[in-house]
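A short write-up of the structure that comes next.
The values are calculated or read from the model by the stated rules, or taken from the named source; none is laboratory data. Owing to the predicted nature of the structure, the values given are computational and were not obtained by experimental measurement. Every residue, glycine among them, receives a Cβ derived from its backbone with ideal geometry; neighbour counts consider all protein chains shown.
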Amino acid sequence: MGETPDKIEPSRSSLKLIVPIIILVGALVGLVSALNLQGEFPRNPFGFPAPGEPYQYLQTHVILSTISLALLAALVVVYSRSYMVTRANFMLGLLVVLFALLLQGLLQYPLLHLAMNFNVGGSDFSSPVADLFTIIAYSVFLYLSLE
């Protein structure tokens, strides 16, 4: 009779499914958050937000920023677990960098800017292209971290 393992480890292929799931969850949370922004902008006579670039830009930025934050949170969890097992100084250094990136992402989050009445259309926000590159980088980092 063979021994049964104390823990059943998930397969590597199922772990790699985590990346698209996190992106999907981040996108859904971001979409819900972006749809709740409708009260922040002028309305047309039919009650809908007036079309315009700042509103659409802000919605896109909220969605992409939420995906980035979700990926960063997942990276913090992955490397926290690795640090707890290995106690390696390198893992601790990665955690410090990831926490700094997470804090930066939270402080630059568009909904926080709206809540604090910062200038929404100002130069505080990055372009959607920069947001996409950030999402790609965090996705690749998380995917490789799960191997």
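Computed quantities for the displayed model
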item	result
Search result, residues across segment 99-147 that are of a type in the set (S, T, N, Q) and either at pLDDT below 75 or over 20 Å from V32 (Cβ atoms) (or both)	Q104, N117, N119, S123, S126, S127, T134, S139, S145
Single residue of segment 86-96 satisfying the filter (among the hydrophobic types (A, V, I, L, M, F, W, C) and surrounded by 12 or more Cβ atoms within 10 Å (Cβ to Cβ)) that is nearest to V76 (Cα to Cα)	L95
Tabulated pairs, segment 89-100, first over 15 Å from S145 (Cβ atoms), second hydrophobic (A, V, I, L, M, F, W, C) and assigned to a helix (DSSP H, G or I), C-beta under 7 angstrom, 6+ apart or interchain	F99/V76
